[in-house]
Amino acid sequence: MIRRFVLWLDDRLETASFASHAMRKAFPDHWSFMLGEISLYSFIALLATGIFLGFLFDASDAHLTYHGSYAPLVGANVSSAYDSTMRISFETQAGLVIRQMHHWSALLFVAAIVTHMARIFFTGAFRNPREINWIVGLTLLLLALGAGLTGYSLPDDLLSGTGLRITASVAMAIPVIGTWLESLFFGGPFPAPQMVERLFFTHVLLLPALIIGLISLHMAILWRQKHTQFPGSGRTELNVVGSPLWPNYALKSLGLGLAIFAVLAILGGFFQINPIWDYGPYSPSEVASPSQPDWYVGWLEGALRLGPPIEFHLFGHTIPASFVPGVLFPLLAFGVLYLWPFIERSITKDDRVHNLLDHPIEVPWRTASGVAIFALFLIVTLAGSDDVQARVIHVAIERLIVVYRVLGIALPIVAWLVTFQLCRELRARAIQREVGEPSVVEFIRSPNGGFEEKQPTDTA
Amino acid sequence: MNAPSRFSWLQRIAALALLVSMLGSVGFAVGYATGVSAQFQGLALAIALGGLAVAVVIWGKFLVRQERVIDLREPTSSSWERNDATHALEAGTEQIGRRHLLSRLLGSAFAVFGIAALFTIRSLGQNPYPQLFRTKWTPGARLVRENGQPIHREDLVADEIVTVFPEGFVGAADSQTVLLRLAPGILQPASDRADWSPSDYVAYSKVCTHAGCPVGLYRSAEHQLLCPCHQSMFDVLDRAKPIAGPATRPLPQLPLRIAADGYLRAQSDFHEPIGPGFWERGA
Ligand code: FES
């Protein structure tokens with residue numbers, strides 16, 4: 001049966017030679033390699049739940065009177081977008097679970113991408129020859145952020161509407177082209193009536209198509225370059241050691257995917273997310289307070305709060321205060337991340353091919369830089385909810401902002417120094433442990449019967 | 001535990017997990033048909049998927065032979081091929097480039113086409129400028145509440161605040177305005193705005209000059225308007241200048257007058273663009 005299928009396919013597409021290699025392809029077993037898979041599976045969950053929602057959602061700004069089963073809002077004037085989201089949540093069988101799963105999947109998607117990139121960063125997996133895939137991956141992160149933002153704004157509720165209003169203002173703050181950019185995306189000055197339709201198109205077609213394209217590219221490059229691996233017994237720059245794709249890896253990975261779907265189902269069933277009925281429909285003269293966006297936009301929100309109230313003037317033109325924190329800061333942050341492989345190369349002057357990963361303690365300055373970047377993002381994200389914190393701990397918000405401004409500069413520096421020192425000491429200890437042991441030369445038997453000397457772990 | 005019994009033990013767990021999974025699926029289907037809570041549906045789905053996950057992972061980790069394979073990384077292209085590729089590309093490019101005039105024309109034709117194509121972008125949005133520089137307020141427009149009711153001189157007491165719109169434009173985002181009535185005498189208007197605030201009524205644009213949120217909170221003790229988005233504060237007694245937070249500009253003030261019939265009206269539109277700043281706004 002299988003044989004007939006293989007032959008049938010090979011007669012037509014000549015797949016046998018590829019498949020014979022592919023089935024035996026090695027997949028390293030380290031746990032950190034699952035992070036990328038988690039992103040992939042949460043994206044699959046997004047597609048599956050999104051198809052369901054896409055058929056039921058009505059991306060229209062046409063207003064009507066709410067008559068659904070959620071009593072407190074009956075009689076309210078809402079948009080069709082809001083109304084259909086309410087219908088999905090209250091009147092559609094399994095609608096609420098699937099809608100909430102979709103939202104949780106989005107949060108997980110971004111979180112998994114970020115941790116996956118952290119793994120890549122701290123182990124130096126972005127180095128030659130993998131710079132291209134680092135750039136593709138970072139672009140995927142940006143697209144995921146865009147998909148999250150557009151999706152979460154679709155229901156036309158008060159919370160997301162406020163977020164869109166801020167987004168539009170930040171777009172307008174861009175010099176020269178800002179007002180046009182805002183008008184071109186939203187269809188006119190905010191709030192333009194076409195907004196929901198445009199967001200919908202962007203969210204269900206434009207961004208998913210780009211994401212699918214880039215995921216394919218990402219994985220094609222991964223397939224071609226083969227995995228990186230941590231140094232260890234039998235693992236060299238010239239091989240990859242791991243489980244074969246078929247059946248071991250495929251089963252384990254499928255199991256991981258199913259487990260993620262199960263977790264998302266629990267989250268979707270039990271943990272309420274984005275309760276638009278609590279926020280109410282969007283109205284430009286109201287605001288949901290305190291308005292907390294999804295976690296992955298918190299850093300932009302925080303940056304806007306920390307930015308100094310300084311407006312610039314250039315040849316009789318205005319550069320509003322939100323330009324620096326809202327546009328320049330994200331551009332710089334992502335610029336540094338995009339260029340990181342090349343920045344590092346220009347510092348280390350190391351252009352060799354690296355298929356073996358660094359342990360984070362082995363390269364103190366890189367690890368320290370990564371931790372510093374995380375520290376900065378942490379502070380800026382925390383500042384995004386400073387009003388809530390001020391209320392909880394009874395501190396004047398102005399003070400809290402000063403604290404965050406200081407921390408935003410000081411913590412990355414401190415984090416850098418501490419991490420650097422820590423890595424150096426850990427590294428020194430690790431070297432000592434290794435040097436202390438009697439040196440034994442190990443031989444590894446290669447598959448074709450020869451022997452090769454075990455590569456010493458790279459501690460230089 | 002010896003190997004065979006361990007395997008049969010694991011196999012039993014996997015089988016059990018698959019049975020549980022089927023139960024979950026059936027539960028989901030039954031729940032769907034009878035209409036149950038989201039919690040039940042989520043749980044049933046999780047059991048269905050989780051059971052599958054357990055079985056598949058056990059299978060992959062224990063019930064198939066654990067193998068280690070070693071892939072060798074061979075360089076995929078030889079230096080000869082690399083040279084060849086370079087030459088092919090160079091030779092082809094050189095052939096195109098040799099026809100100087102034509103190749104330059106080709107580049108220009110593409111560029112001109114690109115610029116022409118750019119024009120279509122213009123259709124995507126309307127010209128934002130006129131709308132950014134004016135609102136729906138016109139001289140004589142009555143101030144009305146969100147329910148359309150006009151506001152009479154006697155309607156508000158001291159420290160009361162309402163959101164108002166120009167009559168006929170309730171809900172217009174750019175024209176939303178906060179109307180406050182202050183305690184008699186505490187407002188000392190600047191000379192250029194001396195007649196803008198009759199009977200202690202004062203009106204400011206409700207659109208925050210930072211990023212456009214509605215400035216909805218009024219702290220009557222300090223006479224400050226507070227924007228809930230990034231906590232900018234505006235001093236109602238002094239031209240609504242920002243005194244804290246990221247906003248850099250005062251909220252534009254709407255000049256008011258009280259007509260003979262006692263209703264509040266606008267003297268004119270705001271004298272400057274409302275809301276967040278932008279490039280063309282002028283210094
Ligand atoms: S929008 Fe008002 S402070 Fe930012």
Does residue A:192 fit the bill of being buried (at least 23 other Cβ atoms within 10 Å of the Cβ), in contact with a Phe, Trp or Tyr (Cβ under 6 Å, 6 or more places away or on another chain) and either within 11 Å of chain B (Cβ to nearest Cβ) or touching a residue at least 60 places away in the same chain (Cβ under 8 Å) (or both)?
no
Is it the case that residue B:207 is within 10 Å of the ligand (Cβ to nearest atom), surrounded by 24 or more Cβ atoms within 10 Å (Cβ to Cβ), within 19 Å of residue B:159 (Cβ to Cβ) and within 12 Å of chain A (Cβ to nearest Cβ)?
no
Residue check for residue A:207: under 30 Å from residue B:62 (Cβ atoms) and under 26 Å from the mean Cα position of the chain (by Cα)
no
Within the stretch B:173-202, restricting to residues that are within 14 Å of chain A (Cβ to nearest Cβ) and assigned to a strand (DSSP E or B), the one that is farthest from the ligand (Cβ to nearest atom) is B:179
Which condition breaks for residue A:81 when tested against (1) surrounded by fewer than 17 Cβ atoms within 10 Å (Cβ to Cβ); (2) within 23 Å of residue A:197 (Cα to Cα)?
(1)
Filter result (in contact (Cβ under 8 Å) with a residue 12 or more places away in the chain, more than 22 Å from the chain's Cα centre (by Cα) and part of a helix (DSSP H, G or I)) within the stretch A:15-52:
A:19, A:22, A:23, A:52
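So that you can scan it fast, the table gives a plain yes or no per residue for (1) within 15 Å of the chain's Cα centre (by Cα); (2) touching a residue at least 40 places away in the same chain (Cβ under 8 Å); (3) under 30 Å from residue A:275 (Cβ atoms); (4) outside any loop (DSSP other than H, G, I, E, B):
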| residue | (1), (2), (3), (4) |
| --- | --- |
| A:83 | no, no, yes, yes |
| A:87 | no, no, yes, yes |
| A:99 | no, yes, yes, yes |
| A:103 | yes, yes, yes, yes |
| A:109 | yes, yes, yes, yes |
| A:121 | yes, yes, no, yes |
| A:126 | no, yes, no, no |
| A:141 | yes, no, yes, yes |
| A:148 | yes, yes, yes, yes |
When restricted to A:314, A:304, the only residue over 17 Å from residue A:42 (Cβ atoms), in contact (Cβ under 8 Å) with a residue 40 or more places away in the chain and within 16 Å of the ligand (Cβ to nearest atom) is A:304
Filter pass, residue A:301 being facing another protein chain (nearest Cβ under 9 Å), modelled with pLDDT under 95 and farther than 15 Å from residue B:230 by Cα:
no
Filter result for the condition that a residue is surrounded by 12 or more Cβ atoms within 10 Å (Cβ to Cβ), without any contact (Cβ under 8 Å) to a residue 60 or more places away in the chain, away from chain A (no Cβ under 14 Å) and part of a helix (DSSP H, G or I), over B:29, B:88, B:15:
B:15
For residue B:111, which of the numbered conditions (1) within 11 Å of chain A (Cβ to nearest Cβ); (2) surrounded by fewer than 14 Cβ atoms within 10 Å (Cβ to Cβ) fails to hold?
(1)
Within the stretch A:204-238, can you find the residues that are among the hydroxyl-bearing types (Ser, Thr, Tyr) and modelled with pLDDT of 95 or more?
A:216, A:228
Any residue that is more than 16 Å from the ligand (Cβ to nearest atom), more than 10 Å from every other protein chain (Cβ to nearest Cβ) and of a type in the set (Ser, Thr, Tyr) - is there at least one of those in the stretch A:163-179?
no
Mind checking which residues of the stretch A:244-265 are facing chain B (nearest Cβ under 7 Å) and either of a type in the set (Asp, Glu) or in contact with a Gly (Cβ under 9 Å, 6 or more places away or on another chain) (or both)?
A:247, A:248, A:251, A:252, A:254, A:255, A:258, A:259, A:261, A:262, A:265
Can you name the residue in the stretch B:218-273 that is in a loop (DSSP other than H, G, I, E, B), of a type in the set (Ser, Thr, Tyr) and more than 16 Å from the ligand (Cβ to nearest atom) and is also nearest to the other protein chains (Cβ to nearest Cβ) among such residues?
B:220
When the residues of the stretch B:34-65 are filtered to those that are part of a loop (DSSP other than H, G, I, E, B) and more than 7 Å from chain A (Cβ to nearest Cβ), which remaining residue is surrounded by the fewest Cβ atoms within 10 Å (Cβ to Cβ)?
B:65
Per the filter on the stretch A:336-351, residues in a helix (DSSP H, G or I), surrounded by fewer than 14 Cβ atoms within 10 Å (Cβ to Cβ) and not aliphatic (A, V, I, L, M) are A:342, A:346
What single numbered condition from (1) modelled with pLDDT under 90; (2) over 24 Å from residue A:236 (Cβ atoms); (3) surrounded by 12 or more Cβ atoms within 10 Å (Cβ to Cβ) fails to hold for residue A:436?
(3)
If the requirement is being of a type in the set (Lys, Arg), surrounded by 19 or more Cβ atoms within 10 Å (Cβ to Cβ) and either more than 21 Å from residue A:309 (Cα to Cα) or not assigned by TED's automatic domain parsing to the domain that holds residue B:150 (or both), which of these qualifies: B:181, B:257, B:219?
B:181
Provide a single number: the residues in the stretch A:270-285 that are aromatic (Phe, Trp, Tyr) and away from chain B (no Cβ under 11 Å).
2
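The values are calculated or read from the model by the stated rules, or taken from the named source; none is laboratory data. On a predicted model such as this, the values are computed, not experimentally measured, just so you know. Because the Cβ atoms are built from the backbone with ideal geometry, glycine has one as well, and the counts that use them run over all protein chains shown.
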